[in-house]
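Here the structure is laid out as C-alpha cells; the discussion comes afterwards.
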Amino acid sequence: MTRGMTVELPFLIRPENTARYEDGEVLILDRRAYPFEVKFVSCKTYEDVAKAIKDMVTQSGGPPFCAGYGMAQAAREAAGRSHEGMLEELEKAAKCLISTRPTNNSIVLMTEKMLQVAQEAAKDGQDIEKALVTAVDAEFKARHRRGLSIGEQGAGLIADGDAILNHCWAESGIVYTVYVALQQGKKIKAYCSETRPYLQGARLTADALCDMGVETTVVTDNMPAYLMAKGMISKFFTGADRVTMDGSVINKIGTFQIAICAHHFGVPFFVFCDGPDPKAPKAVDVIIEERDSDEVLQCLRQRTATPKAKGYYPAFDVTPPQFVSGIITERGMFSPYSMVNYW
C-alpha cells in the first residue's frame, strides 16, 4: 500500500455513534436529525428499540447492533426467571425486533447469534445480559475488521482521480473503501444522490465522505443519467440490504434505475455485501418492505406534496445480476453469477 494522507474514520461509523448500552438503556443516534443535530434516542425496553428501528431512527448497518442491545434488555427484563423462561423471553424479543424491517436480514442474523450466546451463557451459569452486551461489542469490532477487508477490495477498484457515485448510505462499505483508497494516496471525487425521502445520501454519506476530506457533491436522485452521459462518473457503488443466491441485489429504492443507466453508459457498478443469503435463492424469496406512503409526501418532516395526492413507498428495489459488475465482500470480489462460491 502506498502511503497517502492520514485519515480518520468519520463520526457516523464509530461504534459509540451508532448505539450504546448504558445500564439497561439503549442510546441510538437519531440519523433522521443528523448532521443538523446530534441527539440520541433513549430506549428503555426492547420494544422501544423495535419502534426506533421501525421509525428509521437508525438505518442501514445500525439496526442489527441496536437489536443486539435490545436482546440484552430482554435478558435484563427477564432476570430472575428460569433459564427456560429467560430464553422464551429472548425468543419473543427476537421476533419483535425482526418484524421491524423485513427486507434486510441483518437483524435476523444478529438475533440468531444473540440467542446462541444466551444459550451458552445460561449453560455455563453466566450473566446473560452481560454476555449479550459483550457479544454486541465484539460484533462492532468484527465490523471494523470486516470493513477493512472490504475496503481493501473496494479501493483496488478505484483509480487515482476517479469520480465515484454512491446511492443512499452504504455504511462501512463505502467508508472503508474510501478510507483505504485515501491511505493509498488516491485522489477521489464523490457524488452522492440525495436519496429521497430520508435523504441518507445527502445527510449521511456526504457527511461521512466530507469528514474524510473527500471533495463531495450532492445531486438529486434524477441526475445520475445526465452525469454519466457527461462522463462525470467513473464507478457506481452501493451497499446491499440483501443479495440472493442468483445474484440479485436488493437495495434502497432507486438503485435499479441508476444501475440501468450505468449499464447503458458503460460505468461499472459494484455492490458491498457481507455475503449472500443462502435462504434466499431468488429475489422473489425476499419480502420488499413497503413503508407508510405518507413518508414520500414529505421531506425532513415537512409536507412537500399537494394534500390532494396520495403516496406510494416501496423502500427497496431489485437489480438483476446482469446490471452488476461485481459484489465486494470480505472474502474477495465475486461475479453476481457465482454467489454459490461464496459459501
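Residue-level analysis places A159 outside the set of residues that are under 16 Å from the mean Cα position of the chain (by Cα) and more than 16 Å from V271 (Cβ to Cβ). Here region 263-274 is the region considered, the condition is being in contact with a strand residue (DSSP E or B) (Cβ under 6 Å, 6 or more places away or on another chain) and not aliphatic (A, V, I, L, M), and the residue that is surrounded by the most Cβ atoms within 10 Å (Cβ to Cβ) is F272.
Within region 27-46, the residues that satisfy the criterion of being part of a strand (DSSP E or B) and surrounded by 20 or more Cβ atoms within 10 Å (Cβ to Cβ) are I28, L29, V41, C43.
S248 meets the conditions (1) without any contact (Cβ under 8 Å) to a residue 24 or more places away in the chain; (2) surrounded by 24 or more Cβ atoms within 10 Å (Cβ to Cβ); (3) among the hydroxyl-bearing types (S, T, Y) in every case but one. The failed one is (1).
Looking across region 209-256, the residues that are more than 16 Å from the chain's Cα centre (by Cα) and assigned to a helix (DSSP H, G or I) come down to C210, D211, P224, A225, Y226, L227, M228, A229, F256.
Checking the stated criteria, I327 turns out not to satisfy the condition of being under 25 Å from I98 (Cβ atoms) and in a loop (DSSP other than H, G, I, E, B).
Cβ separations smaller than 6 Å between residues 6+ apart or across chains give the following pairs from region 77-94 residues that are within 11 Å of L115 (Cα to Cα) to residues that are surrounded by 14 or more Cβ atoms within 10 Å (Cβ to Cβ) and of a type in the set (F, W, Y): A93/Y46. The residues listed here are Y191, Y226, Y176; of these, the one that is out of contact with any Ser or Thr (no Cβ under 8 Å at 6 or more places or on another chain), touching a residue at least 12 places away in the same chain (Cβ under 8 Å) and not polar (S, T, N, Q) is Y176. Every test in (1) more than 17 Å from the chain's Cα centre (by Cα); (2) more than 16 Å from V117 (Cβ to Cβ); (3) assigned to a helix (DSSP H, G or I) is passed by A52 save one, and that test is (1). Inside region 310-319, residues that are touching a Phe, Trp or Tyr at 6+ places or on another chain (Cβ under 8 Å) and either more than 14 Å from F272 (Cα to Cα) or at pLDDT below 95 (or both) make up a count of 2.
The values are calculated or read from the model by the stated rules, or taken from the named source; none is laboratory data. Since the structure is predicted, the reported quantities are computational estimates derived from the model, not experimental observations. Glycine gets a Cβ as well: all are built from the backbone with ideal geometry, and neighbour counts include every protein chain shown.
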